[in-house]
Amino acid sequence: MNRAKTAYKKIYKNSIIDRQFIPIEKYGSRLVELTAYDDGEIQIGSEDGETYTITVEDIEKAVAAYRWTNGDVWADVRNERIRQDQKNGGVEHDDNHFPAEWCELINAYATWAKTMESFDNLEKYRRRMIQVAALAIAAVESHDRLIGR
């Protein structure tokens, strides 16, 4: 029962039910009650008076899907983008790069990540790959501004 409540909190706090699991419209506008049973079923009541039954396994799958698509990696990439903008000057700096320059920058960081991995320094490998992802996002944002998208 405790495991189910923990999973529910994660799901509800991060809107997994809305994004990954079951469209929130199915539950009405607000979830109001949670009852977990020892057999692994969870009943969720909504303010419209409907009751829906799901299993702990379903919730765990939804949490895993959420972590895969929205977990710490995205937060790390977002924080790296913020760090890069603070260090380099943001939009004004980014928009001075041509597409080929972005590709060269991304390639340089990816090559350094590959080097770190070959030295079995997996923490530095991960950090460089986060930087690669942040650079790729900056490149796409700059490109979108360039074409007026």
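Which one of these does HIS97 not meet: (1) at pLDDT 90 or above; (2) in contact with a helix residue (DSSP H, G or I) (Cβ under 7 Å, 6 or more places away or on another chain); (3) in a helix (DSSP H, G or I)? Of everything listed in (1) at pLDDT 90 or above; (2) in contact with a helix residue (DSSP H, G or I) (Cβ under 7 Å, 6 or more places away or on another chain); (3) in a helix (DSSP H, G or I), HIS97 misses just condition (3).
I'd like to verify a number: residues in region 128-149 that are on the phi < 0 side of the Ramachandran plot and surrounded by fewer than 17 Cβ atoms within 10 Å (Cβ to Cβ), how many? Residues in region 128-149 being on the phi < 0 side of the Ramachandran plot and surrounded by fewer than 17 Cβ atoms within 10 Å (Cβ to Cβ): 9 in total. Give the residues of region 97-132 that are within 15 Å of GLU80 (Cα to Cα) and of a type in the set (Val, Ile, Thr), sorted by residue number. Correct list: ILE106, ILE130, VAL132.
When region 87-127 is filtered for residues that are surrounded by fewer than 18 Cβ atoms within 10 Å (Cβ to Cβ) and among the charged types (D, E, K, R), the ones remaining, listed by number, are LYS87, GLU92, ASP95, GLU101, GLU104, LYS114, GLU117, ASP120, GLU123, LYS124, ARG126, ARG127. Quick check on my filter: what residues within region 43-90 are under 29 Å from ALA134 (Cα atoms), hydrophobic (A, V, I, L, M, F, W, C) and modelled with pLDDT under 75? The answer is ALA62, VAL63, ALA64, ALA65, TRP68.
Restricting to region 114-145, give me the number of residues that are of a type in the set (A, V, I, L, M, F, W, C) and at pLDDT below 90. Can you show your working first?
To start, the set of residues in region 114-145 that are of a type in the set (A, V, I, L, M, F, W, C) comprises 116, 119, 122, 129-130, 132-140.
Next cut, at pLDDT below 90 only: 116, 119, 122.
Here the count works out to 3.
The values are calculated or read from the model by the stated rules, or taken from the named source; none is laboratory data. Remember, predicted model here, so these are calculated numbers, not experimental data. So basically every Cβ, Gly included, is an ideal-geometry build from the backbone, and we count neighbours across all protein chains shown.
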